[in-house]
Amino acid sequence: MESAEVEVRLLFFAKSRELVGRKEDTIKLPIHLLPAGLWEGILAKHPCLQPISDNITIALNQEYIAREETEPIVLKEGDEIAIIPPLSGG
Amino acid sequence: MESAEVEVRLLFFAKSRELVGRKEDTIKLPIHLLPAGLWEGILAKHPCLQPISDNITIALNQEYIAREETEPIVLKEGDEIAIIPPLSGG
Amino acid sequence: MSGEDVVAITPDKLNVEEITEMVKCPQAGAVTVFLGTTRDNFEDKKVIKLEYEAYVPMAEAEMRKLCHQIREKWNVEKIAIIHRIGIVPVMDASVIIAVSSVHRKESVEAVHYCIDSLKSSVPIWKKEVYGDGSCNWKENKE
Amino acid sequence: MSGEDVVAITPDKLNVEEITEMVKCPQAGAVTVFLGTTRDNFEDKKVIKLEYEAYVPMAEAEMRKLCHQIREKWNVEKIAIIHRIGIVPVMDASVIIAVSSVHRKESVEAVHYCIDSLKSSVPIWKKEVYGDGSCNWKENKE
């Protein structure tokens, strides 16, 4: 049985914004999924991110999540998922 | 045989200026003397400095000299000797 | 005390006097200020300007976390962390951090910690634009 | 490079913007600035103002020695050390030190070293004037 899906917002910044060609998108994802599944889902919809996929971090509702985390994430409708390339502030 | 004497300038700052009641004076001192002798000569002329004598440093021509130094100093006419109470700049 | 913290992302030119005044207070004997400024070169290339972009609400939230971390580690009075976005010309400041404290050690150490941590945790990105028209998204190494 | 160093003793109010500008340069990516400011209290006493006095030529010579020491220890671009004398009211700066460097670590460490060393080597004295009319010559402990 597949997990129910919700629609969440995707935000792109810096290099990821340039590769995708837009600042924002939406995506349907399972309510329950592992961080690794979140990466997979996003890359499946935006394969142009593949070249930088190893260097991308993701923030869910403005909190970093660890890709290797084995605790599942629970998504809600309208959650904000940001694609975070390597930082270079300062 | 006594060493020949020269006249040098004495400069007072902060607490030492207040104790002596003036910014500047002159003093006759031997041409060759140990740092300890320099302290003694100054305290002999200005006994009002006695209460802070342990905390005073001396600069000769704008260079600190160590009171416990056993190498003699050579003074010249007009040398500038500053009485330096504990520092509190910054 | 965290009411004393100012964090902001702004497109405006940063003013060191103004940001220093934000953290001055009668009980503080020390203020340390750090400015990150645009350099005119990277390796052998001439840099014309930097372009900064931020994930603004998260960047401000991460900057507030930095303030909390500083207050856990040091006894400081006031903290200001202001980061500029958009185009930052050579010699202009992209970031100014100011911290006041009763004694000097705390504000110096807190500012040092803050700029190091900001570079590794706050979602802001810069693109270097070179004299030959090319450009490059940078990556903080440290 | 020591031609890039500015040291001064002045009776004028210190301006952080002006002193920061003295050390900015196109090749520097970092400027660290330290301000020593007059606190309104010492232990349980209310401080009205500080009065600073310097052995001016020697103080400037010692500040130049600090610049040389900094340049022996760190690769920095420009250094400014300006100390105010006379009356310094609460919240005003008595000293401002600014150092620029290519990368941030050098300027932060150099400024930290500079203020510590200034307090132990530069012939300047301050008298605290209290609310009850009494006053006291201070002594740097560290």
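The values are calculated or read from the model by the stated rules, or taken from the named source; none is laboratory data. None of the values given here were measured: they were computed from a predicted structure. In this analysis, Cβ positions are derived from the backbone assuming ideal geometry, glycine residues included, and neighbour counts consider all displayed protein chains. Side chains included, ligands, DNA and RNA excluded: accessible areas come from the protein's heavy atoms. Shrake-Rupley method; radii C 1.70, N 1.55, O 1.52, S 1.80 Å.
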Q. Here are D:Val90, D:Val76: which of them is open to solvent by less than 50 Å² (accessible area, probe 1.4 Å), on the phi < 0 side of the Ramachandran plot, touching a Lys or Arg at 6+ places or on another chain (Cβ under 9 Å) and of a type outside the set (Ser, Thr, Tyr)?
A. D:Val90
Q. So C:Ala61 clears everything in (1) buried (at least 18 other Cβ atoms within 10 Å of the Cβ); (2) free of Cβ contacts under 8 Å to residues at least 24 places away in the same chain; (3) of a type in the set (A, V, I, L, M) except one condition, right? Which one?
A. (1)
(Q) Of everything in the range D:1-17, what is within 9 Å of another protein chain (Cβ to nearest Cβ) and either open to solvent by less than 50 Å² (accessible area, probe 1.4 Å) or out of contact with any Asp or Glu (no Cβ under 6 Å at 6 or more places or on another chain) (or both)? Give them in sequence order. (A) D:Asn15, D:Val16
Q. Where residues in the range A:73-90 are crowded, with 20+ Cβ neighbours inside 10 Å and not in a strand (DSSP E or B), which of them is farthest from the other protein chains (Cβ to nearest Cβ)?
A. A:Leu75
Q: Working only within the range C:42-92, note down all residues that are under 27 Å from A:Leu11 (Cα atoms), touching a helix residue (DSSP H, G or I) at 6+ places or on another chain (Cβ under 9 Å) and small (Gly, Ala, Ser).
A: C:Ala54
Q: Any chance you could count how many residues in the range C:26-46 are surrounded by 19 or more Cβ atoms within 10 Å (Cβ to Cβ) and more than 7 Å from chain D (Cβ to nearest Cβ)?
A: 1
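For the range D:58-142, list the strands (runs of 3 or more DSSP E) that sit wholly inside it and hold at least 2 residues that are under 30 Å from C:Asp92 (Cβ atoms) and within 12 Å of chain B (Cβ to nearest Cβ); which are they? Walk me through it before giving the result.
On the way: elements: D:79-84, D:86-89, D:93-101, D:124-130, D:135-137.
Ranges flagged: D:79-84, D:93-101.
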(Q) Looking only at residues that are assigned to a loop (DSSP other than H, G, I, E, B) and in contact (Cβ under 8 Å) with a residue 12 or more places away in the chain in the range C:38-56, which one is nearest to the chain's Cα centre (by Cα)? (A) C:Thr38
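Within the range B:48-55, can one find any residue that is over 18 Å from D:Lys138 (Cα atoms) and β-branched (Val, Ile, Thr)? Don't jump to the end; show me each part of the working.
Pass one, the range B:48-55, residues over 18 Å from D:Lys138 (Cα atoms): B:48, B:50.
Still in the list and also β-branched (Val, Ile, Thr): none.
The answer is no; no qualifying residue exists.
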Q. Given the conditions (1) surrounded by fewer than 20 Cβ atoms within 10 Å (Cβ to Cβ); (2) touching a helix residue (DSSP H, G or I) at 6+ places or on another chain (Cβ under 7 Å), and given that D:Ile115 satisfies all but one, which numbered condition is not satisfied?
A. (1)
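Would you check if there is a residue in the range A:55-72 being in a helix (DSSP H, G or I), within 12 Å of chain C (Cβ to nearest Cβ) and either modelled with pLDDT under 95 or out of contact with any Leu (no Cβ under 9 Å at 6 or more places or on another chain) (or both)? Full working, then the answer.
Of all residues in the range A:55-72, those in a helix (DSSP H, G or I) come to A:55.
The next check asks that each one be within 12 Å of chain C (Cβ to nearest Cβ); those that pass are A:55.
From what is left, the residues that are either modelled with pLDDT under 95 or out of contact with any Leu (no Cβ under 9 Å at 6 or more places or on another chain) (or both) are A:55.
For the range A:55-72, residues in a helix (DSSP H, G or I), within 12 Å of chain C (Cβ to nearest Cβ) and either modelled with pLDDT under 95 or out of contact with any Leu (no Cβ under 9 Å at 6 or more places or on another chain) (or both): present.
Among A:Leu34, A:Leu19, A:Leu38, A:Leu10, which is at pLDDT 95 or above, among the aliphatic types (A, V, I, L, M), out of contact with any Leu (no Cβ under 9 Å at 6 or more places or on another chain) and under 29 Å from C:Asn136 (Cα atoms)? Walk me through how you get there before you give the answer.
Numbers: A:Leu34 fails: under 29 Å from C:Asn136 (Cα atoms); A:Leu19 fails: out of contact with any Leu (no Cβ under 9 Å at 6 or more places or on another chain); A:Leu38 fails: out of contact with any Leu (no Cβ under 9 Å at 6 or more places or on another chain).
The match here is A:Leu10.
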Q) Out of (1) open to solvent by 40 Å² or more (accessible area, probe 1.4 Å); (2) in contact with a helix residue (DSSP H, G or I) (Cβ under 8 Å, 6 or more places away or on another chain), what's the single condition that is false for A:Glu40? A) (2)
